[in-house]
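One structure is given below, encoded as structure tokens.
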Amino acid sequence: MERDAEIELARQLIAGKPAAFEHFVEHYRAKVFHYSWLMCGQREDAEEVAQETLLKVFESAGQVREPGKMKAWVFRIAKNACLMKRRKSVFAPVRELSLDEFMPVKHTNDGGGMRIEIADWSALPDNIALQSEMKALLEQAIRELPETYRSVILLRDTEELTTQETAQILEVSEDVVKTRLHRARLALRKTLDECLRGTKENATTHA
Amino acid sequence: MPLHTHSENCQQVFAVLSDYLNLELPPDACAEIEAHIAGCTPCVEFAESLRKTVAMCKQYQPAELPAPLGAAAKAQLVAAYGKMLAARKSG
């Protein structure tokens, strides 16, 4: 669903249009489930987070006067619900990603200069993510990201929330969102590049 | 497999590539990057690989769906939505 359609859906929900409730629940239950599933790691937790989030959205909808802010509000509640689940489950140490670790592999050439290696991405169609094997690779790569980077890539690139909205949801500055987004993208790119070059074992084929 | 002599310019492009792809760079910085990558095929290829990674994330739709909403859970949501509408009418 495009962003404009999501805003219209929120407008109808707030106005009490009968069809909007069912549509809103179906749409955001799936979205919050996906986000939570990749953040919490457990299907059962993700379903609980989706239900808790929708309940809190309705209970607190008085705070959302502008339909355009509904999506960010939903994900802010979902993010907090995920944090509570994680506190109850395993402790995962936060790992910072540095730019240097995502530079393509460097080699010294005969002239003493540096050269880099990258896979040939030109043959990949733009809709490659729709192919099941690549989808599984991407999902695995997202799961392997440290939590703080995973949440940014899911909100910015998968949900296509703005930098400002993502910063508000995660309660960090916009610069932090930009930094984490870039490093998360580079990490995903590196993992996919290694898979394309055959230098990383494809975990999905051994699942 | 393309190989290419690395330079500081490449590293500068590497550091701001997401801002460039997001169209979030000031025009002068954008022009500098475009001037560099116009003559640097590996940087173009690296930028293209990152652009495709981002495109994949935007298209990504997880295969897993939540289980169908149970009657009790739906009743909870209907009740909460009813309260929300009532509060709006009275407010």
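The values are calculated or read from the model by the stated rules, or taken from the named source; none is laboratory data. Because the structure is predicted, anything quoted here is derived from the model rather than measured. Note that each Cβ is placed from the backbone with ideal geometry, even for glycine, and that neighbours are counted across all protein chains shown.
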(message) Being within 30 Å of B:ASN9 (Cα to Cα) and modelled with pLDDT of 70 or more is the filter here; which residues of region A:110-134 pass it?
(response) A:GLU117, A:ILE118, A:ALA119, A:ASP120, A:TRP121, A:SER122, A:ALA123, A:LEU124, A:PRO125, A:ASP126
(request) Of the conditions (1) in a loop (DSSP other than H, G, I, E, B); (2) touching a Phe, Trp or Tyr at 6+ places or on another chain (Cβ under 9 Å), A:ARG65 clears all except one; give me its number. (result) (2)
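Here is a check on your reading of the model: is A:MET84 on the phi < 0 side of the Ramachandran plot, free of Cβ contacts under 8 Å to residues at least 24 places away in the same chain and not assigned by TED's automatic domain parsing to the domain that holds A:LEU161?
Answer is yes for this residue.
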(request) Output the number of the condition that A:ARG87 fails; it satisfies all remaining conditions of (1) modelled with pLDDT under 80; (2) part of a loop (DSSP other than H, G, I, E, B); (3) surrounded by fewer than 19 Cβ atoms within 10 Å (Cβ to Cβ). (result) (2)
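Let's see how each residue does on (1) farther than 22 Å from A:GLN131 by Cα; (2) at pLDDT 95 or above:
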site: B:ALA29; (1), (2): yes, no
site: B:GLY39; (1), (2): yes, no
site: B:CYS43; (1), (2): yes, no
site: B:SER49; (1), (2): no, no
site: B:GLN59; (1), (2): no, no
site: B:ALA71; (1), (2): yes, yes
site: B:LEU77; (1), (2): yes, yes
(message) Considering only region A:135-145, I want to know if a residue exists there that is at pLDDT below 95 and surrounded by fewer than 15 Cβ atoms within 10 Å (Cβ to Cβ).
(response) yes
(message) I'd like the full set of residues that are in contact (Cβ under 8 Å) with a residue 12 or more places away in the chain and assigned to a helix (DSSP H, G or I), limited to region B:33-47.
(response) B:ILE33, B:HIS36, B:ILE37, B:THR41, B:PRO42, B:CYS43, B:GLU45, B:PHE46, B:ALA47
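Is it the case, given these coordinates, that A:VAL172 is at pLDDT 95 or above, part of a loop (DSSP other than H, G, I, E, B) and surrounded by fewer than 20 Cβ atoms within 10 Å (Cβ to Cβ)?
Considered against the rule, which asks whether it is at pLDDT 95 or above, part of a loop (DSSP other than H, G, I, E, B) and surrounded by fewer than 20 Cβ atoms within 10 Å (Cβ to Cβ), A:VAL172 comes out as yes.
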(message) I'd like to check something: does region B:48-56 contain any residue that is surrounded by 18 or more Cβ atoms within 10 Å (Cβ to Cβ) and assigned to a loop (DSSP other than H, G, I, E, B)?
(response) no
(message) Contact list please: Cβ distance under 6 Å, first residue in region A:154-166 and at the interface with another protein chain (Cβ under 8 Å from one of its Cβ atoms), second residue among the aromatic types (Phe, Trp, Tyr) and not in a helix (DSSP H, G or I), pairs at least six apart or on different chains.
(response) A:THR158/B:TYR60
(message) Among the residues that make up region B:19-32, is at least one of them facing chain A (nearest Cβ under 7 Å) and of a type outside the set (Gly, Ala, Ser)?
(response) yes
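What do you reckon, is A:GLY41 at pLDDT below 95 and in contact with a Leu (Cβ under 6 Å, 6 or more places away or on another chain)?
no
Regarding B:VAL54, is this residue facing chain A (nearest Cβ under 7 Å), out of contact with any Cys (no Cβ under 9 Å at 6 or more places or on another chain) and at pLDDT 90 or above?
For B:VAL54, the condition - facing chain A (nearest Cβ under 7 Å), out of contact with any Cys (no Cβ under 9 Å at 6 or more places or on another chain) and at pLDDT 90 or above - is met.
Look at region B:57-78 and say how many of its residues are of a type in the set (A, V, I, L, M, F, W, C) and more than 9 Å from chain A (Cβ to nearest Cβ). Give the derivation first.
Residues of region B:57-78 that are of a type in the set (A, V, I, L, M, F, W, C), as a first pass: B:57, B:63, B:65, B:67, B:69, B:71-73, B:75, B:77-78.
From the residues that got through so far, the ones that are more than 9 Å from chain A (Cβ to nearest Cβ) too are B:71-72, B:75.
Count: 3.
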